[in-house]
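Below is one structure, written out as structure tokens; the observations come after it.
The values are calculated or read from the model by the stated rules, or taken from the named source; none is laboratory data. Source: prediction; values computed, not measured. Note that we place each Cβ from the backbone using ideal geometry, even for glycine, and neighbour counts take in every protein chain shown. Protein only, heavy atoms only, side chains kept; ligands, DNA and RNA dropped before computing areas. Shrake-Rupley method; radii C 1.70, N 1.55, O 1.52, S 1.80 Å.
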Amino acid sequence: MSAASAPPQEIDRRTQARLAAVQALYQVELGESDPGTVLLDFLQNRLNEDMEGLKIGRVDRTLFGGIVHGVPARRRELDDMISAVLDPDWPLDRLETVLRIILECGAYELAETDDTPVGAIINEYVELGRAFFDGGEPGLVNGVLDRLARTLRPEAARGGDAAEDFA
């Protein structure tokens, strides 16, 4: 059964915040509105919709707002960080928009938060990659965010793959 035909699944508040943030930032990217207006629209209207087969409802508003405001504010810096760890054959501007936004959100969380384990952040964004893509994109998300974690949070990533922190 595909995600589109499966009944919506309930997900936790932080996962919901991340999924909604990717959706909101995609809307901002399309030029529909500024981050503040899109954030308000999501909080007032859109969070009760099904997104990618997931029932979005109660979100961690602090995380959601932080990502939706923080990613556009730091986009150039985040994109530079991501570009530094991408394969030269796949520059950032070659990536699909949603994939780039997922990477930006993950990079933002790795850079801006220290209360969430590195492995949890990486795992969440890998799962978001799986919600949107059927190919190798989730593996790309894992690799890029793992390399960023080794730079941004070396104390948390030491001793092996940062994704092991979540296991």
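Being at pLDDT below 95 and among the small types (Gly, Ala, Ser) is the filter here; which residues of the stretch 92-110 pass it? Across the stretch 92-110, there are no qualifying residues. Does Gly57 satisfy the condition of being modelled with pLDDT under 90, surrounded by fewer than 16 Cβ atoms within 10 Å (Cβ to Cβ) and not in a helix (DSSP H, G or I)? Spelling it out, Gly57 is indeed modelled with pLDDT under 90, surrounded by fewer than 16 Cβ atoms within 10 Å (Cβ to Cβ) and not in a helix (DSSP H, G or I).
Can you go through Gly136, Gly159, Gly143, Gly129 and tell me which one is at pLDDT 90 or above and open to solvent by 50 Å² or more (accessible area, probe 1.4 Å)?
Values: Gly159 fails: at pLDDT 90 or above; Gly143 fails: open to solvent by 50 Å² or more (accessible area, probe 1.4 Å); Gly129 fails: open to solvent by 50 Å² or more (accessible area, probe 1.4 Å).
Testing whether each residue is at pLDDT 90 or above and open to solvent by 50 Å² or more (accessible area, probe 1.4 Å) leaves just Gly136.
With respect to (1) over 20 Å from Gln27 (Cβ atoms); (2) modelled with pLDDT of 90 or more, the lone exception for Asp89 is condition (2).
Note on the stretch 91-126: among residues that are among the small types (Gly, Ala, Ser) and in contact with a Leu (Cβ under 8 Å, 6 or more places away or on another chain), the one that is surrounded by the most Cβ atoms within 10 Å (Cβ to Cβ) is Gly106.
The number of residues in the stretch 84-98 being under 21 Å from Asp134 (Cα atoms) and not in a loop (DSSP other than H, G, I, E, B) comes to 5.
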